[in-house]
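Beneath this line is the structure, given in structure tokens, with notes to follow.
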Amino acid sequence: VYAHLLGDYGSAAAALKQGKHYREAAILYKEHLKNNTLAANCLEEGGIYIEAIELYTDLNQHEKAGDLYMLLDRKEPALQCYEKCVDMAAKNKDYLEEARIVTDKIGDRPRAKNVLLNGWQDVKQPEACLLKYFDLAAEENNEHFHAAVQSFYRENVLVNKEMSFLSVIDKVNKKYRSPELENTCKDIAYEV
């Protein structure tokens, strides 16, 4: 009625979606309303994942497509989608986003730590990258985390980043408070 008599495709699509006619609603969203995002969301909600993946891919929403591939237990195409997201984040020098995808979606913590180290060396969000780096290091080995902080300090040159580094280890010290970490941060601060 909405579509044919009133020409109100938005209401028609909403009514179809509410009635759980997801494919029909998606067709209206895509063909008449030219809204592929709503069409993809509708297909996803209806469990029509392959068609939703196609639309998300066309919309360059590769992370969403990868998530749906994972729901279908298709790891290889999911990883390909996630790698596209990583490439886009790297192209934009968005180290935090790149590391998030590598950590949360691909599950490669060492690679994510390398990405964050690159972010620390860059001028865009160096402190945030280093904080996230230390978060990952703490998750890996919280018991000897102070040694990881000490090792980082010894192995990485802090040219023109001394104050940023001190700010980061102050936050890290407050977040992961332990006597060993406090002593390590204090010693580093005195040395810097």
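The values are calculated or read from the model by the stated rules, or taken from the named source; none is laboratory data. Everything quoted here is computed from the prediction, not taken from an experiment. Here Cβ is always computed from backbone atoms with ideal geometry, including for glycine, and neighbour counts include all displayed protein chains. When the accessible area is computed, the model is the full protein with side chains, heavy atoms only, and any ligands, DNA or RNA have been set aside. Shrake-Rupley method; radii C 1.70, N 1.55, O 1.52, S 1.80 Å.
For the range 22-69, the helices (runs of 4 or more DSSP H) that sit wholly inside it and include 3 or more residues that are closer than 18 Å to C81 by Cα and open to solvent by 20 Å² or more (accessible area, probe 1.4 Å) are 36-45, 49-58. Working only within the range 172-188, note down all residues that are under 21 Å from A128 (Cβ atoms) and either in a helix (DSSP H, G or I) or open to solvent by 70 Å² or more (accessible area, probe 1.4 Å) (or both). Passing the criteria: V172, N173, K174, K175, R177, L181, C185, I188.
Scanning the range 147-171 for residues that are open to solvent by 70 Å² or more (accessible area, probe 1.4 Å), farther than 12 Å from L131 by Cβ and in contact (Cβ under 8 Å) with a residue 24 or more places away in the chain returns a single hit, E162.
Mind checking which residues of the range 87-108 are under 9 Å from the mean Cα position of the chain (by Cα) and either closer than 14 Å to T57 by Cβ or not charged (D, E, K, R) (or both)?
L96, A99, I101, V102, T103
Of all residues in the range 118-141, at least one satisfies being farther than 29 Å from N60 by Cα, modelled with pLDDT under 90 and not hydrophobic (A, V, I, L, M, F, W, C). Of V123, V168, V149, all but one fail to be within 28 Å of D87 (Cβ to Cβ) and either part of a helix (DSSP H, G or I) or in contact with a strand residue (DSSP E or B) (Cβ under 7 Å, 6 or more places away or on another chain) (or both); the exception is V168. Could you go through the range 84-93 and let me know if any residue there is assigned to a helix (DSSP H, G or I), hydrophobic (A, V, I, L, M, F, W, C) and open to solvent by 80 Å² or more (accessible area, probe 1.4 Å). Among the residues of the range 84-93, at least one is assigned to a helix (DSSP H, G or I), hydrophobic (A, V, I, L, M, F, W, C) and open to solvent by 80 Å² or more (accessible area, probe 1.4 Å), which makes the answer yes.
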